[in-house]
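S.K.: To start, I am sharing the structure in question, which I have written as structure tokens.
The values are calculated or read from the model by the stated rules, or taken from the named source; none is laboratory data. In this text the structure is predicted, and so the values were computed from the model without any measurement. Ideal geometry is used to build each Cβ from the backbone, glycine not excepted, and the neighbour counts take in all protein chains shown.
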Amino acid sequence: MKSLFLFVLVVIAVCLPGCKENRIPNVSEPQLLEMRSTAIEFMKELKGILIKEIQKGSVLNAVSICSDTAQMLTNNFGLQKGIFVKRVSFNNRNSNNFPDEYEKKILNRFSAMHNDGKLDQTTESIEIVEGGAMYLRYMKPILIQAECLNCHGSGTQISPEIKKLISEKYPNDKAINYKVGDLRGAVSIKKVIE
Ligand code: HEC
């Protein structure tokens, strides 16, 4: 009896960590393709709005239009597809865009890869994680391009008018002093799968 008890204890001890992992399913190919195309579509739409506004008027117009549209698009995009899509960054302009604990972990990983020169257009992260429900979590890095510097560059690259507008709307702005090729943040998608 005593040895049976011991045996059961050992089985539980060995099995528990393993069993927990086994409950989390693997990411399927269709899930990966869906997340990847959603991220690309979302970024394309955002950039499209930005470029259109800059072409229509001035960069100044783009700041105010873009700041509202970015949040609106973030919310609506999620609603349409039953998933949450947003942009996150440690150096966030909008406080809504600060990463959660999971996003921090992946952003740190992207950042280490970037420092090692191992980050490129194909870099992405996908995982199923448990947190009350099962979530599919996908992230893709966002890099700074030349046109971003009008609003995310250093001192002289951002015009005084834009600086003023940004500081009025975002008094705690941290999203400046970037250079082309810098890691700006990531697109983050969260979808409940169970
Ligand atoms: C016309 C000014 C402007 C330009 C140009 C611009 N941004 Fe932004 N960016 C903003 C504003 C304003 C916000 C805050 C949006 C919000 O309220 O969600 C923002 C927010 C972001 C965020 C979300 C994280 C945060 O800081 O809140 C990312 C990521 C980002 N921009 C990346 C880029 C990239 C990459 C480019 C170039 C392709 C770019 N931006 C060009 C004005 C601009």
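S.K.: With the condition kept exactly as written, say whether any residue in the stretch 160-177 is polar (S, T, N, Q), under 24 Å from residue 111 (Cβ atoms) and touching a strand residue (DSSP E or B) at 6+ places or on another chain (Cβ under 7 Å).
M.R.: No; the residues of the stretch 160-177 include none that is polar (S, T, N, Q), under 24 Å from residue 111 (Cβ atoms) and touching a strand residue (DSSP E or B) at 6+ places or on another chain (Cβ under 7 Å).
S.K.: Is it fair to say residue 117 is closer than 26 Å to residue 149 by Cβ, over 12 Å from the mean Cα position of the chain (by Cα) and within 14 Å of the ligand (Cβ to nearest atom)?
M.R.: Considered against the rule, which asks whether it is closer than 26 Å to residue 149 by Cβ, over 12 Å from the mean Cα position of the chain (by Cα) and within 14 Å of the ligand (Cβ to nearest atom), residue 117 comes out as no.
S.K.: From 89, 58, which residue is in contact with a Gly (Cβ under 7 Å, 6 or more places away or on another chain) and within 11 Å of the ligand (Cβ to nearest atom)?
M.R.: 89 is the lone residue from the list that is in contact with a Gly (Cβ under 7 Å, 6 or more places away or on another chain) and within 11 Å of the ligand (Cβ to nearest atom).
S.K.: What residue, among those in the stretch 132-146 that are more than 20 Å from residue 110 (Cα to Cα) and in contact (Cβ under 8 Å) with a residue 12 or more places away in the chain, is surrounded by the most Cβ atoms within 10 Å (Cβ to Cβ)?
M.R.: It comes out as 135.
S.K.: Moving on. Please go through the stretch 132-160 and give me each residue that is at pLDDT below 90 and not small (Gly, Ala, Ser), ordered by number.
M.R.: Of everything in the stretch 132-160, just one residue is at pLDDT below 90 and not small (Gly, Ala, Ser), namely 147.
S.K.: Against the conditions (1) more than 21 Å from residue 98 (Cα to Cα); (2) away from the ligand (no atom under 14 Å from the Cβ), where does residue 124 fall short? Just the number, please.
M.R.: Every condition holds for residue 124 apart from (1).
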